[in-house]
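Here's the structure we're looking at; comments come further down.
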Amino acid sequence: MRKILYILGLMLSLISAIPLFQITREVVTEWLINRQYTIQHVYTEDGFPTHIDVQEITSNDQHIKIVEEQTGKKANLTSFDIDESVKAGDIVKIHLYVNGKEVTKADKVWLSNRDRGSCYFSWLDILKVNKQIAIIQRLTDDDVEMKNSKWKIIWIDEKGDILEEKISYQKRSKHPLAVRLIEVSETSLMPIGYHSDVLTGYPSILFPLTYPIVTGTVGFVLWISAIIYRKTRGQE
């Protein structure tokens, strides 16, 4: 009996260990970020913070200007464009100016002609992070696989000093705050995790409740029970 409990408990614990570790790491990472940083949209519409939808804005006494350079090209139609029967948006190069000075290389974005959401939605947003400003821009096109996605973040501190940070999906674990900003700004085409995407899908009874939470808990209980059972029998 003891051996059966021990083997079954060990097996359940082992098969649940990796996803449990990944889930715990994601939860703890987000908890630490939320504890340390206050993140909010700089732009407001009708009194509510939302994605940037203007070309000039001032925050923390820092004036930010977005200048569009036409490329003469049109973006691919998305399923949302087709649903709303809108024309393809322009592909433009975005020049970012802070206090009148261009602060980064101009990169392309696909503008949207949809009535809903910002014209820069999923491409560009501006957030306030504690006392700093962060401009988040996706650098890869809509048709690029997520594993190849890249972003840049332009940091503006209280003095107006600029720092540029580059992030890729494959190396995102080194930049947990950047991942949080990408999520808040929705400049990722789908949810991404800090280290893994274990929590980005819709939760169900099967995952993560049954596996790995229930299986891991049951396995641990059986394993401990087998040890206690052995000690109890050994004392008889």
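Each value in this text was obtained by applying a stated rule to the coordinates, not by laboratory testing. Nothing here was measured: the structure is a model prediction, and the numbers come from that model. A quick note on method: Cβ atoms are made from the backbone with ideal geometry, for glycine too, and the neighbour counts reach across all protein chains shown.
Counting other Cβ atoms within 10 Å as a rough exposure proxy, the listed residues S85, S168, S149, S185 run S85, S168, S149, S185 from fewest neighbours to most. Of the options (i) 27, 21, 17; (ii) 36, 26, 17; (iii) 47, 21, 14, only one is semi-axes √(5λ) of the Cα gyration tensor in Å as computed from these coordinates, and that is (iii). Cross-link pairs exceeding 26 Å in C-alpha to C-alpha distance, out of K73/K152; K65/K174; K108/K159; K87/K128; K131/K174; K74/K101, comprise K65/K174; K108/K159; K87/K128; K74/K101. Per-residue ellipticity at 222 nm, computed for the chain from helices alone with -39500 (n - 2.57) per DSSP H run of at least four residues, works out to -10500 deg cm²/dmol.
Normalised by the number of residues in the range 41-185, the average gap of Cα pairs under 8 Å and 6 or more apart makes the relative contact order 18 percent.
Putting +1 on Lys and Arg Cβ atoms and -1 on Asp and Glu Cβ atoms, find which of S188, G160, Q70 reaches farthest to the positive end of the dipole of the chain. Value: S188. Amide H contacts for Q132 (H built 1.01 Å from N in the peptide plane; partners 5 or more residues away or on another chain; cut-off under 5 Å): none found. Simple spin-label estimate for S168 and T217 gives 4.1 nm between the two label positions (7 Å along the Cα-to-Cβ direction from each Cα). Only helices at least 27 Å long along their own axis, judged from Cα atoms, and with Kyte-Doolittle mean hydropathy of 0.0 or greater: name those in the chain from DSSP H. TM-like helix candidates: 2-36, 215-235. About its Cα centre, the chain has a charge dipole of approximately 1540 debye under the convention of +1 per Lys or Arg Cβ and -1 per Asp or Glu Cβ, with nothing else charged.
Between H195 and Q55, what is the FRET efficiency for a Förster distance of 35 Å, r being their Cβ-Cβ separation, to the nearest 0.05?
Values: r = 36 Å, r/R0 = 1.02.
Rounded to the nearest 0.05, the efficiency is 0.45.
For an R0 of 41 angstrom, estimate the FRET efficiency from the Cβ-Cβ distance between F48 and T232 and round to the nearest 0.05. List each step's numbers first, then the result.
Details: r = 62 Å, r/R0 = 1.51.
Given R0 = 41 Å and the Cβ-Cβ separation, E is 0.10.
Loop-located trypsin sites (Lys or Arg not before Pro) in the range 142-236 (DSSP state not H, G, I, E or B) with no more than 14 neighbouring Cβ atoms inside 10 Å: K159. In this calculation the C-beta distance from Q70 to F21 is compared with R0 = 45 Å, giving a FRET efficiency of 0.35.
Once you reduce the range 143-187 and the range 3-38 to the center of their Cα atoms, the two points are 26 Å from each other.
Which of T140, L124, T44 sits farthest toward the positive end of the charge dipole of the range 41-185, with +1 on the Cβ of Lys and Arg and -1 on the Cβ of Asp and Glu? Ranked along the dipole, the leading option is T140. Listed from fewest to most Cβ neighbours within 10 Å, the set D161, D53 follows the order D161, D53.
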